[in-house]
Amino acid sequence: MSTAPPASPPAADPDPTPRLRIGEAAAQAGMSTRTLRYYQELGLLTPSGTTAGGARRYSDADVARLHRIRHLRDLVGFNLTEIGVVLGAEDRLAEIRREWWAEPSRDRARELLHEALAINARLQEAVRAKMAGLEDFLGGLEDRAENVRRRLAEENVLA
């Protein structure tokens, strides 16, 4: 195939074996069990398995997803709806990579690349929107700081 791949071959994924109880997975992710249940309710996380009695079981891959959710929430500043969009896009990109490495036809490879580019563009736009909001906030803080400096300078003249 003459088209360049969207990424290198898939690296070894975290262990997909569902072996962790909800409390163990929550502890590894630094979250409460209630948060894991809420994320499942929102569709952000699906436990990799359940016991015959219905108890959730989580894999290392599930814990890695929880860390990704935390990163998107705490460091990037996305809300849970935005995180759902990002995770959905990342899941689709992973599917595209798997299909790519299965060596699709030339036409299908082109379709996959166009789809990956479109997803990437949507993610970039989401990040730009978040950055614009942060820059507006920062600008407001800078304006307020300048107003305080001006008042201090006025006070020094009056003193």
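The values are calculated or read from the model by the stated rules, or taken from the named source; none is laboratory data. Here the structure is a predicted model, which means the values were calculated and not measured. Here Cβ is always computed from backbone atoms with ideal geometry, including for glycine, and neighbour counts include all displayed protein chains. All accessible areas refer to the heavy atoms of the entire protein, side chains included, with ligands and DNA or RNA removed. Shrake-Rupley method; radii C 1.70, N 1.55, O 1.52, S 1.80 Å.
Some points to look at:
- Residue match in the range 132-149 (condition: open to solvent by less than 60 Å² (accessible area, probe 1.4 Å) and touching a residue at least 60 places away in the same chain (Cβ under 8 Å)): no
- Filter pass, Val63 being under 27 Å from Gln124 (Cβ atoms), of a type outside the set (S, T, N, Q) and at pLDDT 95 or above: no
- Looking at Ala116, Ala153, just one residue is out of contact with any strand residue (DSSP E or B) (no Cβ under 9 Å at 6 or more places or on another chain) and open to solvent by less than 50 Å² (accessible area, probe 1.4 Å), and that residue is Ala116.
- Glu82 vs. criteria among the charged types (D, E, K, R), in a helix (DSSP H, G or I) and touching a residue at least 12 places away in the same chain (Cβ under 8 Å): yes
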